[in-house]
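S.K.: Here it is, the structure, as structure tokens.
The values are calculated or read from the model by the stated rules, or taken from the named source; none is laboratory data. Not measured: the values here are computed from a predicted model. Quick reminder, even Gly has a Cβ in these numbers, built from the backbone with ideal geometry, and neighbours come from all protein chains shown.
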Amino acid sequence: MPAASIIEHLKKHGQLADWEIASATKIPLAKVQATLESLSARGEVSRCSITRFVDGERMEGMLCRISGSIPPKAPGRKPSA
């Protein structure tokens, strides 16, 4: 089942684009996109539309992460207020 492998991959690697998920899991991009849409509708995944330029080539897709997950704070000193 692609949904379980996509969720596990996102848990392990954090926020990723749909084409990154497809290449890492070896699931076709169309199937990854359809699965991410259904996971988003169920509230398991947060997603947004993005445009990135990779080697001068425009790539449009979805940026996804597990719902409710907050990235950890960056290490090091913090500026004082």
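S.K.: All but one of (1) part of a helix (DSSP H, G or I); (2) loosely packed, with under 13 Cβ neighbours inside 10 Å hold for PRO79; state the number of the condition that does not hold.
M.R.: If we test PRO79 against (1) part of a helix (DSSP H, G or I); (2) loosely packed, with under 13 Cβ neighbours inside 10 Å, just (1) comes out false.
S.K.: Can you give me the number of residues within the stretch 49-62 that are surrounded by 12 or more Cβ atoms within 10 Å (Cβ to Cβ) and in contact with a Ser or Thr (Cβ under 8 Å, 6 or more places away or on another chain)? Let's see the steps before the verdict.
M.R.: Just the residues of the stretch 49-62 that are surrounded by 12 or more Cβ atoms within 10 Å (Cβ to Cβ), to begin with: 50, 52, 59, 61-62.
With in contact with a Ser or Thr (Cβ under 8 Å, 6 or more places away or on another chain) added as a condition, the list becomes 59, 61-62.
Summing the residues that are surrounded by 12 or more Cβ atoms within 10 Å (Cβ to Cβ) and in contact with a Ser or Thr (Cβ under 8 Å, 6 or more places away or on another chain) in the stretch 49-62 gives 3.
S.K.: Out of everything in the stretch 1-50 that is of a type in the set (D, E, K, R) and assigned to a helix (DSSP H, G or I), what residue ends up being nearest to ILE66 (Cα to Cα)? So that I can check it myself, show each step before the final result.
M.R.: Here is the first cut: in the stretch 1-50, the residues of a type in the set (D, E, K, R) are 8, 11-12, 18, 20, 26, 31, 37, 42, 44, 47.
Imposing the further condition that a residue be assigned to a helix (DSSP H, G or I) reduces the set to 8, 11-12, 18, 20, 31, 37, 42.
Working: GLU8: 10, LYS11: 7, LYS12: 10, ASP18: 13, GLU20: 15, LYS31: 18, GLU37: 13, ARG42: 12 Å.
Ranking the qualifying residues of the stretch 1-50, first place goes to LYS11.
S.K.: If ALA22 passes every condition in (1) among the hydrophobic types (A, V, I, L, M, F, W, C); (2) loosely packed, with under 14 Cβ neighbours inside 10 Å; (3) touching a Lys or Arg at 6+ places or on another chain (Cβ under 9 Å) but one, which one does it miss?
M.R.: Every listed condition holds for ALA22 apart from (2).
S.K.: Hey, could you check the stretch 51-76 for residues that are in a loop (DSSP other than H, G, I, E, B) and hydroxyl-bearing (Ser, Thr, Tyr) and say which is modelled with the lowest pLDDT? Working first, answer last.
M.R.: First, the residues of the stretch 51-76 that are in a loop (DSSP other than H, G, I, E, B): 55-56, 67-76.
Still in the list and also hydroxyl-bearing (Ser, Thr, Tyr): 67, 69.
Numbers: SER67: 87, SER69: 68.
Checking each candidate, the answer is SER69.
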